[in-house]
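Encoded as structure tokens, the structure appears first; notes follow it.
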Amino acid sequence: MKFFVDTADVPAIAELNDLGMVDGVTTNPSLIKKSGRDILEVTKEICDLVAGPVSAEVIATEADAMIAEGRKLADIAENIAVKLPLTWDGLKACKVLSDEGKMVNVTLCFSANQALLAAKAGATFISPFIGRLDDINLDGMELIEDIRTIYDNYAFETEILAASIRSVNHVLDSARIGADVITAPPEVIKKLASHPLTDKGLATFLEDAKAAGIKIV
Ligand code: G3P
């Protein structure tokens with residue numbers, strides 16, 4: 001399973017990247033706003049730092065304008081994945097940009113039928129939003145399962161990029177189902193390392209080491 005980091009915070013990406021935890025990065029206009037940076041500048045910096053795909057999202061809503069923005073974003077670096085919303089115009093832009101050989105991440109996916117259309121339009125990635133479905137009392141993980149089944153039934157190559165991940169359980173469930181990629185905020189990725197029994201066990205080992213006068217270096 002690939003780990004993408006869902007942020008435009010360069011130092012946070014760099015910290016995880018140094019540990020080999022970053023297979024790619026996803027951004028969106030809200031994350032760019034949060035960074036307080038210029039989209040082209042910060043996206044270039046992220047692309048220079050990370051070898052894998054870096055998703056940068058268009059803001060146009062009409063297909064021709066999305067295509068123009070997508071081409072401009074793709075010019076930033078070879079590892080750009082143009083992020084397009086799952087609208088009819090977004091699908092049109094997806095087909096054109098993917099036919100040009102650009103990576104495309106189709107975002108704001110909330111149904112398996114939407115995911116089916118994105119795959120047929122040549123999307124490299126489909127981004128189903130787990131957390132936002134859970135927020136309205138629907139089941140985000142069920143959507144990941146449905147898309148996995150459908151893509152496997154027909155051998156679609158579009159990768160399932162489980163997005164809007166809010167908890168470590170979302171990561172675990174996505175891995176169980178076989179999502180190809182998860183994208184999560186840096187805090188959630190770091191939380192994967194935590195376990196209270198690890199902390200408790202380490203405290204005991206350290207106490208015993210002190211009592212025994214153990215020294216290593
Ligand atoms: O990758 C999409 C993600 O950024 C959305 O997450 O938490 O805003 O629903 P969230």
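The values are calculated or read from the model by the stated rules, or taken from the named source; none is laboratory data. Keep in mind that this is a model prediction, so the values were computed, not measured. FYI the Cβ positions are ideal-geometry reconstructions off the backbone, even for glycines, and counts take in every protein chain you see. In case anyone asks, the SASA skips ligands and DNA or RNA and just uses the protein heavy atoms, side chains included. Shrake-Rupley method; radii C 1.70, N 1.55, O 1.52, S 1.80 Å.
A few remarks follow.
- Candidates ALA123, ALA179, filtered to the one that is over 14 Å from the mean Cα position of the chain (by Cα) and not acidic (Asp, Glu): ALA123
- SER55 hydroxyl-bearing (Ser, Thr, Tyr) and open to solvent by 40 Å² or more (accessible area, probe 1.4 Å): no
- Any chance GLU62 is open to solvent by 50 Å² or more (accessible area, probe 1.4 Å), more than 27 Å from VAL168 (Cβ to Cβ) and in contact with an Asp or Glu (Cβ under 6 Å, 6 or more places away or on another chain): yes
- Test: SER167 is surrounded by fewer than 15 Cβ atoms within 10 Å (Cβ to Cβ) and more than 18 Å from LEU73 (Cβ to Cβ): yes
- Members of the stretch 92-105 that are open to solvent by 20 Å² or more (accessible area, probe 1.4 Å) and assigned to a helix (DSSP H, G or I): LYS92, LYS95, VAL96, SER98, ASP99
- Pairs where the first residue, in the stretch 151-171, is under 13 Å from THR124 (Cα atoms) and among the hydroxyl-bearing types (Ser, Thr, Tyr) and the second is away from the ligand (no atom under 14 Å from the Cβ) and not in a loop (DSSP other than H, G, I, E, B), C-beta under 7 Å, 6+ apart: TYR151/ALA119; THR158/ALA118; THR158/ALA119; THR158/TYR151
- Residues of the stretch 5-33 satisfying the condition of being surrounded by 20 or more Cβ atoms within 10 Å (Cβ to Cβ) and β-branched (Val, Ile, Thr): VAL5, THR7, ILE13, VAL22, VAL25, THR26, THR27
- Given (1) outside any strand (DSSP E or B); (2) open to solvent by 20 Å² or more (accessible area, probe 1.4 Å); (3) of a type outside the set (Val, Ile, Thr), number of the condition LEU108 does not satisfy: (1)
- Here the condition is being among the β-branched types (Val, Ile, Thr), within 17 Å of SER164 (Cβ to Cβ) and open to solvent by 60 Å² or more (accessible area, probe 1.4 Å); of ILE130, ILE136, ILE126, ILE147, it holds for ILE136 alone.
- Qualifying residue in the stretch 34-41 (condition: open to solvent by less than 20 Å² (accessible area, probe 1.4 Å) and either within 13 Å of the ligand (Cβ to nearest atom) or touching a residue at least 24 places away in the same chain (Cβ under 8 Å) (or both)): no
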